[in-house]
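Okay, structure first, notes after.
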Amino acid sequence: MAITNKIENFRMEVNPAFLAKAEALAPALIETEIRPAGTVELVPQGEDFAARPLERGFVRSRPLGRGDGLCLDFGDHWVGYVSFTLTPVGSPPDAPALLRLRFGEIPYEAAAGLSDYQGEVSRSWIQEELIHVDVLPAQVRLPRRYAFRYLAITVLDTSPKYQVVVEDVSCRAVSSGDRSAVPPLKTGDPELVRLDRVSLKTMEDCMQLVFEDGPKRDRRLWIGDLRLQALTNYVTFRNNGLVKRCLYLFAALTQNEGRVGACLFMEPRPQVDDTALFDFSLFFVSCLHDYYEASGDRETLAELFPTACRQLELALRELDGRGVVTDRDTWWCFLDWGDGLNKQAGAQAVLIYTLKQGAAMAERLGDGERAALWNERAGALSRAALEHLWDGELGFFVSGAGRQVSWASQVWFALAGVFGREENVRLLERLIDQNPGIPLATPYAYHHLIAALMENGLTEWAVSIMKDYWGGMLREGADTFWELYDPGDRFASPYGSRAVNSFCHAWSSTPAYFIRKYLDR
């Protein structure tokens, strides 16, 4: 299955006024100088690698010749620009120094590099550089921004007459997340404290000039990630201006017929990608709804509400004669990365969920006619789902021609409120007890499970699953939370190789949201 859903005859529609508002909200980046915390040895562990500490602190390396190297540990995950000094020792340099630099969010990346990569995503995302230093001594300033904890430096060659010393290594770390704005945590539960801390670090490193999905890959503004980042932001960094900027960017740069794209590029200029996803377009409605509830910014709500309505209008075109979202064989709706996951039922639930949010915004704006319309449509789609997608004998919603049962479908119908709370509780209890069909695959999907449990009063289960799932990443040494985590397969990847997985990913940052909204009282 393709991992893009490219629009035919794509064109970008630009609203200059919205774009100007977004640009006026561009944040200043906070810069912090970070020095290496020490050196480590990258030790093979089967197909993986571990970082074994060697020395605390780092000032300068020993002289390094052909084949020598070292691995620096910066003590935590950082996003920024690296520089170092390279000094020759021995005879005057009679050839350039040739270095290989490998940056790693985890030890595996710093050790493995490009040589064994067989994945589907471009190998250009792998943070490995070959550099020639012609004149020594030299202050080497790398122009590219990296996301990493580990930096492995190998001298591929100098000449037999001289060696080099690496010293004065630093990273100019950048983020628009201001830690001083984050309220202190009240809970004394050490597991929750640690989950919150790593969530905050994940958020901080993804907060750049926009809310990036991942600072290593893709470095883009994806609206599915934005929705979860924004929720976490409201109870942590409280940078509502950055959320507002992202909303105006999505509304300013739409696809054909005013459709909100799945993601935006920021460089060389802001532009919408030609990828469209059914649920991601609808999540503009959710992002605007949640922003207003958090900020009370009625002016922005009124100005962007027509863009939200347009997403609902376009989505309602996708209904078949039964009032059910038409299924497709392409990557037309995300929901989760699960292999073989059918998206029809989940898409129906997302549409119901966002129609209700659209109605709530219309009511806030005094548009009773629009509120009644969206509520009526949500009710009609709910009735169609119960008639055509609900299997009473199984006790689950089914999806597609094969009547697939998946966790994602049940979770989204619980969130959409097609049933009342009592039946939602029974559905979620049945889901956990029977564990049917296709499981959840990503922290993105687990977020929605935790949200459904929390919103239906199943707090103990929610906390237990959160501690088990995100806590599993911590037990595997995570400094920031990952794009994908499979407790049974540490090499799992939707791209054919975890070398390009993102190990600091926006949609994984939401434990802090749940802790601070539901538990920290």
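Read-outs: derived from the displayed coordinates by stated rules, not from any lab. In this text, all values refer to a predicted model and were calculated from it rather than measured experimentally. Backbone-built Cβ (ideal geometry, glycine too); neighbour counts: all protein chains shown.
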Please give the contour-minus-distance gain from Lys517 to Glu387: 0.36 nm per residue of separation, less the Cα-Cα distance, rounded to one decimal in nm. 43.3 nm
Inter-probe distance in nm under a simple model that places probes 7 Å from Cα toward Cβ, at Leu474 and Asn9: 5.4
With x for Gly and Pro, the residue-by-residue ³J(HN,Hα) of region 296-306, computed from phi through the Karplus equation 6.51 cos²θ - 1.76 cosθ + 1.60 at θ = phi - 60° and given in whole Hz, is x, 7, 5, 4, 5, 4, 5, 6, 9, 4, x
Along the Cα-to-C-beta direction of Gln45, a point sits 7 Å from the Cα; which residues of region 466-495 have their amide N less than 11 Å from that point? 475-478
Which residues qualify? For Trp78, with a placed amide H closer than 5 Å and at least 5 residues away or on another chain, they are Phe148, Arg149
Farthest toward the dipole's positive end in region 126-216, which of Thr187, Ile153, Val174, given Cβ charges of +1 (Lys, Arg) and -1 (Asp, Glu) about the Cα centre? Thr187
Roughly how many debye, to the nearest 20, is the charge dipole of the chain about its Cα centre, given +1 on each Lys and Arg Cβ, -1 on each Asp and Glu Cβ, and no other charges? 860
What is the distance, in nm, between label points placed 7 Å from the Cα along the Cα-to-Cβ direction at Arg100 and at Arg56? 3.2
Distances longer than 19 Å among the Cα atoms of region 175-230: what percent of all pairs is that? 33
Which of Phe10, Trp412, Leu351 sits closest to the plus end of the dipole of the chain, meaning its Cα is farthest towards the positive end, when Lys and Arg get +1 and Asp and Glu get -1 on the C-beta? Phe10
Computed Kirkwood radius, in angstrom, where 1/r is averaged over Cα pairs of region 387-499: 15.2
What does the helix-only formula give at 222 nm for the chain: each DSSP H stretch with n ≥ 4 adding -39500 (n - 2.57), the total divided by the residues, and the result rounded to the nearest 500 deg cm²/dmol? -12000 deg cm²/dmol
Average projection area in nm² (convex hull over Cα atoms of region 256-383, one quarter of hull surface): 9.1
For region 66-147, listing GluC sites (Glu not before Pro) in a DSSP loop whose Cβ sees at most 11 other Cβ atoms within 10 Å gives Glu120
Can you tell me which of 408-418, 499-509, 359-369 comes out highest on packing, and rank the rest after it, using the mean Cβ neighbours within 10 Å? 499-509, 408-418, 359-369
Distance in nm between Ala28 and Glu120 label points, each 7 Å along Cα→Cβ, equals 4.4
Once phi is turned into θ = phi - 60°, what whole-Hz ³J(HN,Hα) does the Karplus curve with 6.51, -1.76 and 1.60 give for every residue of region 133-147, x standing for Gly and Pro? 10, 7, 10, 10, x, 9, 9, 8, 10, 7, x, 7, 7, 10, 10
If unit charges are put on Cβ atoms (+1 for Lys and Arg, -1 for Asp and Glu) and the dipole of region 16-82 is taken about its Cα centre, the option from Val43, His77, Val59 lying farthest towards the positive end turns out to be Val59
Under 8 Å for C-alpha pairs, at least 6 residues apart: give me the relative contact order for region 11-138, rounded to a whole percent. 22
Would you mind calculating the relative contact order of the chain from Cα pairs under 8 angstrom and at least 6 residues apart, reporting the percent as a whole number? 18
Whole-Hz ³J(HN,Hα) from phi, Karplus 6.51 cos²θ - 1.76 cosθ + 1.60, for region 222-228, glycine and proline x: 9, 6, x, 5, 3, 4, 6
For Val89, enumerate residues with amide H under 5 Å from its amide H, sequence gap 5+ or separate chain, H modeled in the peptide plane. Gln163, Val164, Val165
Region 84-180: which trypsin sites (Lys or Arg not before Pro) are DSSP loop and have at most 10 other beta-carbon atoms within 10 angstrom? Arg144
Let me check against my output: what whole-number percent is the relative contact order of region 187-318, with C-alpha pairs under 8 Å and at least 6 apart? 20
Would you mind classifying region 23-103 by shape? Square roots of the alpha carbon gyration tensor eigenvalues, ordered a ≥ b ≥ c; an a/c under 1.5 is rounded, otherwise it is prolate if a/b is larger than b/c and oblate if not. oblate
With charges set only on the Cβ (+1 for Lys and Arg, -1 for Asp and Glu), what does the dipole of region 375-491 come to about its Cα centre, in debye to the nearest 20? 160
